[in-house]
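One structure is given below, encoded as structure tokens.
A short reminder: the numbers here are calculations on the coordinates, not readings from a lab. Everything numeric here is computed off the predicted structure, so don't read it as measured data. All Cβ positions, even for glycine, are placed from backbone atoms using ideal geometry, and neighbour counts span all protein chains on display.
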Amino acid sequence: MTVYGYGDSLMWGWDPRIGAGDNRLREDEIWFERLSSVYGFTVINDSLPGRKIPGKRPLKQFLNAVSGKDWQVLFLMLGTNDILDNTSLPFTKIGRKWDVALSALVDMYPERKDRIVLATCPYAPIFGLTDTLARLRRGYREAAELAGVRFFDALDPLPTLYDAIHLSEEGHRMLAERVASYLRNTFGDQ
């Protein structure tokens, strides 16, 4: 099964401990890449540090990227940068920022909407209190339900690096295991 991943630095594997240049974890440590090396999925990792949930302005670029790839499952994981850049925006609305992009995707792929997975960004200690997580989780779930796409919840705590945002190697390993299990349980071994 080919899984196309569109995300930010958490999917890309950015490591703040490494200076300029190639500041990624080793490929065998990045959770999304582990879906291939450990679990046997074919992956296309189209993630970049700093990426945000596509709104009206970057929507065309997002749709062009997604349409240009041969995928069986589209795995969307963004939101950390939106949270960090919009601390005054209610957390429920962070998840609902997906409405425009998901609506456009479903219009483009109505027959494949059950192959689109909206995932919460992984929990980071800087997000704060439990009620914040519940609001973020609810916003993503509501956006997925409204669009008729699948939902994956990655908000359960995972080990992070010193910055309390990016996953540690152990966090990447744990997330890969959770996502692989979700993909197999949801889509089988297609």
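Quick look at the numbers
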| quantity | calculated |
| --- | --- |
| Under 15 Å from K52, Cα to Cα: aspartates and glutamates that are on another chain or at least 8 residues apart | D8, D82, D85, D99 |
| 5 angstrom amide H check on L158, placed H, neighbours 5+ away | Y123 |
| Euclidean distance between Cα centres, segment 143-161 to segment 36-106, Å | 12 Å |
| GNM top mover of M11, M77, M108 - the chain, alpha-carbon springs below 10 Å | M108 |
| J(HN,Hα) series, segment 35-48, from Karplus relation 6.51 cos²θ - 1.76 cosθ + 1.60, nearest Hz, glycine and proline x | 4, 7, 5, 9, 10, x, 7, 8, 10, 10, 9, 10, 10, 9 |
| Check: segment 2-187 dipole with +1 on Lys, Arg Cβ and -1 on Asp, Glu Cβ, in debye | 580 debye |
| Among T120, T42, T80, residue whose mean-square fluctuation peaks in a GNM of the chain (springs only between Cα atoms under 10 Å) | T42 |
| Amide H contacts of L167 (H built 1.01 Å from N, under 5 Å, at least 5 apart or other chain) | L161 |
| Karplus 3J(HN,Hα) series, Hz, for segment 60-75 with 6.51 cos²θ - 1.76 cosθ + 1.60 (x for Gly, Pro) | 4, 4, 4, 5, 5, 4, 5, 6, x, 10, 8, 10, 9, 9, 9, 10 |
| Choice from I116, I18, I44 with maximal GNM fluctuation in the chain (Cα, 10 Å cutoff) | I18 |
| Built amide H within the under 5 Å cut-off of V43, gap 5+ | V3 |
| Listed residue pairs exceeding 20 Å between alpha carbons, taken from K69/K113; K69/K97; K93/K113; K60/K93 | K69/K97; K93/K113; K60/K93 |
| Calculated on alpha-carbon atoms, Rg and Dmax of the chain in Å | 15.4, 44 |
| The chain - share of DSSP beta bridges that are antiparallel (%, nearest 5) | 10 percent |
| Using a Förster distance of 30 Å, the FRET efficiency for N185-N86 (Cβ separation, nearest 0.05) | 0.35 |
